[in-house]
Amino acid sequence: MRDDDPNLKVSEDKPESSRVSRRDFLKISGISVAVPLVAGPQTVLAAGEEVPVHGPGKVPMEFTINGKSYKANLEPRVTLLDALRDEFELTGAKRVCDRAECGACTVLMENKPVYACSVLAIEAQRKPITTVEALMQNGKLHPVQQAFVDSDASQCGFCTPGFVVACKAFLDKHPQPSPEDVRRGLSGNLCRCGTYHGIQQVIAQMAQKGA
Amino acid sequence: MPDYAWPDAEHRTLIGKRITRVDSPAKVSGQAKYTYDVHRPGMLYGKVLRCPYPHAKVVSVDTSAAEKMPGVKAVHIVQGPGANIHWAGDDIVAVAAVDERAAEDAIGAIKVTYQQLPYLVSDAEPPQGAAQEQGPLSMDDIDDMLDNQVPSQQMVNQIQQYGITAKPTEDILKMLKSDGATDAVLDAIRAATLHPGAGTQTKSNYQKAAAQTLGDPDKGFAEAEVVSEGVYGIPVITHCCLESHGSISEWTDEDHLFTHISTQNVSGIPGQMAEPLKIPATNIHVHQDHIGGGFGSKFSPDRWGIYTAEISKKADGKPVRVMLERDAELKVAGARPSAYARVKVGAKKDGTIVAWQSESWGTGGPGGGGMPPIPYVFTIPNQRKQHTAIRNNIGPARAWRAPNHPQAAVLTMCALDDLAAKLNMDPVEFFGKNLDITKPRQDIYREELAIASDLMGWKQKWHPRGQNESGGTVRGVGVSFHTWGGRGHSSDCDLTIHPDGSVDLKMGSQDLGTGTRTCILMVAADTLGIPMEAIQLQIGDTNYPRSGGSGGSTTIGGVSSSTRRGAVDARDALFAKVAPSLNAQPDQLECVNGTVRVKGDSSKSLSWKEACSKLGAMPLTVRGKNPDKDKPPDLTNSGVGGVQMAEVEVDIETGIVKVKKMVAVQDCGLVVNLKTAESQCHGALIMGISYALFEEKVMDQATGRMLNADMQFYRLAGLNDIPELVVHMMTGKGYDERGVIGLGEPPVISPGAAISNAVANAIGVRVSFLPLTPDRVLAALGQKAGA
């Protein structure tokens, strides 16, 4: 902490909030500050305004995943994927490339598909998250999942949960997709065993049902 | 003697049908647990410091700061001062900490100094005269080979061929074993010829690996009326398993290890971990439910599997997880060797191939590598060939589906396709004419070639090269042939029928996503006449009877045979107990549709449950085995053919190749499950499109590191790259009675060659090397225009 900077002083008594807006983030990243290794509430005065600062130690976070509330103390650098897998043992989303290239970690955030490896957990708070685990209802597979089973669209199965979530989100948005829509809309998920033939059949089968 | 033979088509209720994969619901719902998903109580997270240099000696390692960092529970030097490092990314220090962040921070605090050494990461054509004869091997050479993960069989071949410089003591042999030498390697060393005079010469990067002659090549070329010459090649690619390599190990007491590991070889892991960890193999418990891809790269516990166990011990036996990061997975966890060749091939005017000559080279990393089986499929009567292995610092090679065959297919089928073009012959006619030198499978190839031609519409689509160049895009078609062995690996299973009618089957095998679980259940259920759901199958654990590693397309042969023998014996033992209640002899009984009944008399029948109640209090357990000479016949077989065709469209402005259609016609004896067999072929075609168009492990000559160790620049085919795929499995008479043969390797062999040939047909000129990237296509077009 540079205590010779008059614009920068830590206020220790602010209530905890782990919401960092983009504007706040820009302000923080514009100043030079070394935050001590303690968890808990802090704000810094930057550009004449008080901005909450989180971490680098663990901070309490709260999530809504598959309709349930989850709490954990996590460092702000923890990704949503690692929080899901290592903290909450929701291991359906897989860690493969860990940098938004393969789609194996696809989950829904506010109903939109995202790469969970590239969303910080801290940013996913208060946004409803849906993982592959929630698609099955009362022991019954979701129609997209059933279509994956029928079309033999998984082999080793490691890309499958991500693909299932991506397909569901895609079909929700495009109930009657053209082959071109499918190519573009599902090109963000990669498979190594080569199950794309089955996945094409899944989409064809679902589109027919939607008709 | 009970009849173990496969039932004929009329008596099969499940075998040969299209059956939905039993583990699909678990996979599509995210419930299937992979090694990476295992979360043990108190689990620590491991991270690894890797060497940034392709060839170096470790000078010093300072872990003092890392050891004091918060959350760090153990620090383990994997390769300390003095160690020679042969590729960038090799493991130096491992850290276990309470979470990944703490482990990562600790890695950043470790200081290592290296002495950098000269390196080679190129696999370009060796300079003239550079190749050296391999001399006798010293124990240091053999230890280096172990360090470099040279496959056991390759080591045995070299030891047998070149001999050794000094007789090793039993202590040295023991040390080699703890470094990973297999018993076959140790036996080869014990039996090797001794050349005590031969000192260790300075090793060249280029080693003469093979020189063979067949027939009279000079006479052959003299008789040839048309000769075609060209250069062809296929680069190093990676396995890129989506679930990276790794394990979670914990010590349940001082000398008992429990490990979850991502492996193709559940039963084979303890034997490979015992020596390095200095505990008996019986004290090592291995478990795996599902594996996220292996493709030939996951047979061993690997250096990281050993140190994961070691670091767990340092951390008071707590579970430690080390799964490779994606970049490490691509850099160090295995690669397919490259192969290139200058090929000259000659034929008579009528198309009869008479002579072959090749100078080939390639690299499998520090271990070099052998010559692919060229000329492939077609045994050309007169041959001269020599191969140079390049030993370099790109990282170790591993078996990649059908080791050496995709390379052989590219080198051979592309050279022969160019010869057909020079003869102005349609390749289907040209290859068809030469099928008599594909013995013993010429009839199968002939049948498959005709079916493939029909399914592709070859006659309508084929045109002579270069007669298709109007407009911006051009189309072409290509064909390739392949072969593979198969047979069944050794496999044991225990099948138990309980007095309440429930049935379980235990086997230490694994399902790589090929449908192994489903096929085991189909065979057992078909034999016992009960539904698949009535049988509880447990695999993936060393507490179950051992079953072989899943490699070389041997799994389905092994597991289906042991299951069949076990199920037949269990059924017959049940018949013996039930017969008195039905007033019949045991051999008059059959089990069909959930009943046990007298053949031809449905009035004398018991439900399965009633029948099983005759067992008394104790369940009935039998052991099924493969192979089992006492229980003939052999239920598996070896040797398949296979023909594939590709149709491509090439944009001659941009050089972009799109595959439009692929056809695979494949035999594999008796198909157990038609649905998963077809999926296996679809998947192989897609993997083939991927390596034909996109995949290459690109090495940076300036730093010796892999440039594209991520999934953006190590490109896999996506949904957008997938054309119309047509798969035709050869079944029925002539195929079913051969027995069960594996399918993991054969269909992935031909796509590279078929697609390259289709591109040559489209653009009128050969693109020498895979992958067929736009720059290479444009360069080939430019050369043609300039010629």
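None of B:Val727, B:Val777 is under 20 Å from B:Ala646 (Cα atoms) and either in contact with a helix residue (DSSP H, G or I) (Cβ under 6 Å, 6 or more places away or on another chain) or part of a loop (DSSP other than H, G, I, E, B) (or both) except B:Val727. Whenever a residue of the stretch B:30-41 is over 20 Å from B:Leu324 (Cβ atoms), its partners that are acidic (Asp, Glu) and at pLDDT 95 or above, lying with C-beta atoms within less than 8 angstrom and at least six residues away or across chains, give the pairs B:Gly30/A:Glu133; B:Gln31/A:Glu133; B:Ala32/B:Asp23; B:Ala32/B:Asp289.
Taken as a whole, the stretch A:31-43 holds at least one residue that is buried (at least 16 other Cβ atoms within 10 Å of the Cβ), farther than 25 Å from B:Asp105 by Cβ and modelled with pLDDT under 85. For the residues B:Gln460, B:Gln442, the requirement of being surrounded by fewer than 19 Cβ atoms within 10 Å (Cβ to Cβ) and in contact with a Leu (Cβ under 7 Å, 6 or more places away or on another chain) singles out B:Gln442.
Considering the stretch A:101-153 alone, what residues qualify as being part of a loop (DSSP other than H, G, I, E, B), surrounded by fewer than 20 Cβ atoms within 10 Å (Cβ to Cβ) and at the interface with chain B (Cβ under 9 Å from one of its Cβ atoms)? Answer for the stretch A:101-153, where residues must be part of a loop (DSSP other than H, G, I, E, B), surrounded by fewer than 20 Cβ atoms within 10 Å (Cβ to Cβ) and at the interface with chain B (Cβ under 9 Å from one of its Cβ atoms): A:Met136, A:Leu141, A:His142.
Scan the stretch B:220-228 and tell me whether some residue there is assigned to a helix (DSSP H, G or I) and free of Cβ contacts under 8 Å to residues at least 12 places away in the same chain. Yes, some residue in the stretch B:220-228 is assigned to a helix (DSSP H, G or I) and free of Cβ contacts under 8 Å to residues at least 12 places away in the same chain. Residue count for the stretch B:355-406 satisfying the condition of being of a type in the set (Val, Ile, Thr) and surrounded by fewer than 22 Cβ atoms within 10 Å (Cβ to Cβ): 1.
From the list B:Leu455, B:Leu521, the lone residue that is crowded, with 22+ Cβ neighbours inside 10 Å and not in a loop (DSSP other than H, G, I, E, B) is B:Leu521.
One line per residue, one yes/no per condition, for (1) assigned to a helix (DSSP H, G or I); (2) under 19 Å from B:Arg715 (Cβ atoms); (3) facing chain B (nearest Cβ under 8 Å):
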| site | (1), (2), (3) |
| --- | --- |
| A:Leu171 | yes, no, no |
| A:Pro175 | no, no, no |
| A:Glu180 | yes, no, no |
| A:Ser187 | no, yes, yes |
| A:Arg192 | no, yes, yes |
| A:Gln200 | yes, no, yes |
| A:Gln205 | yes, no, no |
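Among residues of the stretch B:47-73 being of a type in the set (Lys, Arg) and assigned to a strand (DSSP E or B), the one that is nearest to the other protein chains (Cβ to nearest Cβ) is B:Lys47. Here B:Ala341 does not qualify as part of a helix (DSSP H, G or I), touching a Ser or Thr at 6+ places or on another chain (Cβ under 9 Å) and buried (at least 23 other Cβ atoms within 10 Å of the Cβ).
Here the condition is being within 13 Å of another protein chain (Cβ to nearest Cβ) and farther than 22 Å from A:Gln155 by Cα; of B:Lys631, B:Lys658, it holds for B:Lys658 alone. Only residues that are facing chain B (nearest Cβ under 7 Å) and within 22 Å of the chain's Cα centre (by Cα): list them for the stretch A:154-169, please. Scanning the stretch A:154-169 gives A:Gly157, A:Phe158, A:Cys159, A:Thr160, A:Pro161, A:Val164.
Only one entry in B:Gly732, B:Gly704 is part of a loop (DSSP other than H, G, I, E, B) and within 30 Å of B:Glu10 (Cα to Cα), namely B:Gly732.
Within the stretch B:1-46, the set of residues being within 14 Å of chain A (Cβ to nearest Cβ), buried (at least 20 other Cβ atoms within 10 Å of the Cβ) and on the phi > 0 side of the Ramachandran plot comprises just one member, B:Gly30. In the set A:Leu120, A:Leu135, only one residue is at negative phi and under 11 Å from the mean Cα position of the chain (by Cα); that residue is A:Leu120.
Given the condition closer than 24 Å to B:Ala333 by Cα, at pLDDT 95 or above and either under 22 Å from the mean Cα position of the chain (by Cα) or outside any helix (DSSP H, G or I) (or both), answer yes or no: does some residue in the stretch B:717-724 qualify? Taking every residue of the stretch B:717-724 in turn, at least one turns out to be closer than 24 Å to B:Ala333 by Cα, at pLDDT 95 or above and either under 22 Å from the mean Cα position of the chain (by Cα) or outside any helix (DSSP H, G or I) (or both). Within the stretch A:60-100, the residues that satisfy the criterion of being among the aliphatic types (A, V, I, L, M), part of a strand (DSSP E or B) and either within 8 Å of chain B (Cβ to nearest Cβ) or crowded, with 18+ Cβ neighbours inside 10 Å (or both) are A:Met61, A:Ile65, A:Leu74. Considering B:Lys661, B:Lys675, the condition of being in contact (Cβ under 8 Å) with a residue 24 or more places away in the chain and touching a Lys or Arg at 6+ places or on another chain (Cβ under 6 Å) is satisfied by B:Lys675 alone. Just wondering, is there one or more residues in the stretch B:472-481 that are among the β-branched types (Val, Ile, Thr) and over 30 Å from the mean Cα position of the chain (by Cα)? Scanning the stretch B:472-481 turns up at least one residue that is among the β-branched types (Val, Ile, Thr) and over 30 Å from the mean Cα position of the chain (by Cα).
Being outside any strand (DSSP E or B), without any contact (Cβ under 8 Å) to a residue 24 or more places away in the chain and either out of contact with any Leu (no Cβ under 6 Å at 6 or more places or on another chain) or within 23 Å of B:Leu521 (Cβ to Cβ) (or both) is a property that holds for B:Lys629.
Taking the criterion of being hydroxyl-bearing (Ser, Thr, Tyr), surrounded by 15 or more Cβ atoms within 10 Å (Cβ to Cβ) and within 30 Å of B:Val727 (Cβ to Cβ), would at least one residue in the stretch B:588-598 satisfy it? No - not one qualifying residue is present in the stretch B:588-598. Listed here are the helices (runs of 4 or more DSSP H) enclosed by the stretch B:266-333 that have at least 3 residues being touching a Cys at 6+ places or on another chain (Cβ under 9 Å) and surrounded by 21 or more Cβ atoms within 10 Å (Cβ to Cβ): B:326-332.
The values are calculated or read from the model by the stated rules, or taken from the named source; none is laboratory data. Quantities reported herein were computed from a predicted structural model and do not represent experimental measurements. No Cβ is skipped: glycine too gets one built from the backbone with ideal geometry, and neighbour counts run over all protein chains shown.
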